[in-house]
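Heads up, the thing below is written out as structure tokens.
The values are calculated or read from the model by the stated rules, or taken from the named source; none is laboratory data. What you are looking at is a predicted structure, and each value in this text was computed from that prediction instead of being measured. When we count neighbours, we look across all protein chains shown, and the Cβ atoms used for this are built from the backbone with ideal geometry, even at glycine.
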């Protein structure tokens with residue numbers, strides 16, 4: 001029986017357990033991550049999954065920017081692409097607009113001459129939708 005208890009104690013002290021959470025744009029932080037320590041477990045402070053910003057959002061569309069025309073990154077434009085100022089939001093970043101498009105993932109793949117600072121430009125498939133969108137202040141989440 002004593003050998004069994006020693007084996008469990010050894011397993012608890014020497015095991016390393018790391019929880020790697022999935023990417024959830026609605027989650028505020030990651031769960032605490034714990035790993036082996038010499039005499040027990042140590043806990044790391046939860047980390048923020050995203051940065052939240054308030055930005056001005058406008059829209060762009062065909063006919064000036066037809067479906068599949070190239071973005072600044074070289075990838076084709078389509079729904080789910082946003083133009084950003086790369087000094088504020090890095091190109092390639094994942095962006096969520098939870099107030100306007102809950103659960104929809106956008107990629108920062110484009111730039112624009114008038115897109116400066118906290119301003120994003122959302123590609124929409126029709127000019128009517130882009131005009132209806134107008135100019136809005138929205139909160140966005142940028143995944144790190």
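Below are the figures for this structure:
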| quantity | calculated |
| --- | --- |
| Subset of segment 71-101 [within 15 Å of the chain's Cα centre (by Cα) and free of Cβ contacts under 8 Å to residues at least 12 places away in the same chain] | 101 |
| Of residues in segment 113-136 being in contact with a strand residue (DSSP E or B) (Cβ under 6 Å, 6 or more places away or on another chain) and over 18 Å from residue 68 (Cβ atoms), the one modelled with the lowest pLDDT | 133 |
| Some residue of segment 64-83 being at pLDDT below 85, assigned by TED's automatic domain parsing to the domain that holds residue 128, in a loop (DSSP other than H, G, I, E, B) and touching a helix residue (DSSP H, G or I) at 6+ places or on another chain (Cβ under 9 Å) | yes |
| Residue list for segment 102-128, restricted to those being loosely packed, with under 14 Cβ neighbours inside 10 Å, in contact (Cβ under 8 Å) with a residue 24 or more places away in the chain and in a helix (DSSP H, G or I) | none |
